[in-house]
Amino acid sequence: MPADEGGAFLKWKAMELPRNVVVGHDALGEVGNVCASLKLGQRGLVVEDGITRKIAGERAAEVLGEAGVEAEHHVIQEASLEEVERVGEAVKDHALDFVLGVGGGRPIDVAKYASFRARIPFVSVPTAASHDGLVSSQASLLGPEGKASFAARAPIAVVMDTEVIAHSPHRLLAAGCGDIIANSTAVLDWELAHRLRNEDYSSYAASLSEMTAEMMIQNAHDMKPGLEETAWFVCKALVSSGVAMSIAGSSRPASGSEHLFSHALDRIAKEPGLHGEQCAVGAIMMMYLHGGDWEEIRQALREVGAPTTAAGMGVSREEVIESLVHAHELKPDRYTILGDRGLTVEAAERLAATTQVV
Ligand SMILES: [Zn+2]
């Protein structure tokens, strides 16, 4: 037995996993059955935005109705704490039993955190596969101090309709592939933190996360727009990544220095790119710092159609450099290759230039 798994005998540890994951063609048609079989209750709230309501929200409510569940709609404007409050009020006013998040990211984040605060179950129904937050316990929301990550609970069920996801803009799916590929550097950072800081580490969680990234890199050339097979592959990878986080009990297996870079860009850039895109470009640079095969990562990103440069993400050279310099400050307790003091401006410039990000 690897020494690092032995900790489980010394202290208890909760691994919160979804009870039901349905992936496939017309999975949306199963929403009612999934909620009924889990006995989630008679009254649900569908949290969506204007677009995802048309794409999947209406259908989800209809299917719930057929299963004898009364469904209310709540259309959000943004993924913010204020919106979470509004959903919380709706849950209280209508005595609702569970929340369904229907969307690419924002409705999922709002539904996840609002249901956590209301202590009722949350079902994740992604309409795009753009990042692994769709199956995780973390919610990314706009608060008084900008965008921040909030600890919530993992969804009790995930319903991924590959037809809906295959028809979402390919940019979103490519970003999802990028978020998976970024696991490569997250795992290296975790190993480093384990060796240098004696941080809790799980070989199972790390291996699962690493294998998921490796499979995505090996199959990158097959990730084609509009194909349900592609959507299927990405969905399974996102679920595996989420399971790795559940086993670890933290986002460690899927979030290291490349995510710190993305969080920094979110704060610094005037118009940040997509989460998965930024993490992926971060992974190219962090893999260089780790002394690994950064060109393999870049090649895989090109194949899936994700950006590999600042211009591709829609941010400036200066914003990338500043984010590299400040990335280590964002989560001081998350030890990574960036260390306690981060990169100097000169080192950041050289890193971005050598990896041809700028
Ligand atoms: Zn991510």
Long-range HN-HN contacts of Val23 with modeled amide H, under 5 Å: Met160
Cα-centre dipole for the range 41-80 with unit charges at Cβ (Lys and Arg positive, Asp and Glu negative), debye to 20: 40
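How much mean residue ellipticity at 222 nm does the chain get from its helices, if each DSSP H run of length 4 or more adds -39500 (n - 2.57) and you divide by all residues, to the nearest 500 deg cm²/dmol?
So the calculated ellipticity at 222 nm is -15000 deg cm²/dmol.
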Within the accessible area of the range 15-98 (1.4 Å probe), percent carbon and sulfur: 47
Cα coordinate range in the chain, projected on the principal axes (Å, largest first): 61, 48, 40
With all protein chains modelled, accessible area of Asp93 [1.4 Å, Å²]: 120
Only Lys, Arg (+1) and Asp, Glu (-1) charged, at Cβ; the chain dipole about Cα centre in debye: 540
Alpha-carbon centroid distance for the pair the range 30-54 / the range 84-156, whole angstrom: 13
Per-residue HN-Hα couplings for the range 153-164 [Karplus 6.51, -1.76, 1.60; θ = phi - 60°; Hz; x = Gly/Pro]: 10, 5, x, 6, 8, 10, 10, 10, 8, 5, 5, 4
Most mobile listed residue (Ala148, Ala71, Ala166) in the chain, GNM with C-alpha springs under 10 Å: Ala148
In sequence order, calculated HN-Hα J values of the range 135-146 (Karplus, 6.51, -1.76, 1.60; Hz; x Gly/Pro): 10, 8, 9, 9, 10, 9, 9, 7, x, x, 9, x
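Taking 0.36 nm per residue of sequence separation and subtracting the Cα-Cα distance, how much length would be gained by fully extending the chain between Ala311 and Val75, in nm to one decimal?
Working: separation 236, 0.36 × 236 = 84.96 nm, distance 3.29 nm.
Here the answer is 81.7 nm.
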Lysine pair count for the range 4-121 [Cα-Cα under 24 Å; pairs on different chains or 8 or more apart]: 5
Antiparallel DSSP beta bridges within the chain, percent to nearest 5: 20
Mean accessible surface per residue for the chain, computed with a 1.4 Å probe while every protein chain stays in place, in Å²: 43
Highest-MSF residue in the chain out of His73, His328, His275 [GNM, Cα springs under 10 Å]: His73
Angle in degrees between helix 106-118 and the longest Cα principal axis of the chain, rounded to the nearest 10: 70
Integer Hz, Karplus 6.51/-1.76/1.60 couplings in order for the range 278-283, x for Gly and Pro: 5, 5, 5, 5, x, 5
Choice from Glu303, Glu66, Glu30 showing the highest fluctuation, given a GNM over the chain with Cα pairs closer than 10 Å: Glu66
Exposure of Arg53 as accessible area (Å², to 10), given a probe of 1.4 Å and all protein chains: 70
Loop-located trypsin sites (Lys or Arg not before Pro) in the range 92-146, at most 11 other Cβ atoms within 10 Å (DSSP): Arg119
Shape of the range 40-87, Cα gyration tensor, a/c cut at 1.5: oblate
For the range 52-175, share of DSSP beta bridges that run antiparallel, in % to the nearest 5: 45
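The values are calculated or read from the model by the stated rules, or taken from the named source; none is laboratory data. This one's a predicted model, so the numbers in the text were calculated from it and none came from an experiment. As a convention, Cβ positions derive from the backbone with ideal geometry for all residues, glycine included, and neighbour counts pool all protein chains shown. The area values use the complete protein model at the heavy-atom level, side chains included, leaving out ligands, DNA and RNA. Shrake-Rupley method; radii C 1.70, N 1.55, O 1.52, S 1.80 Å.
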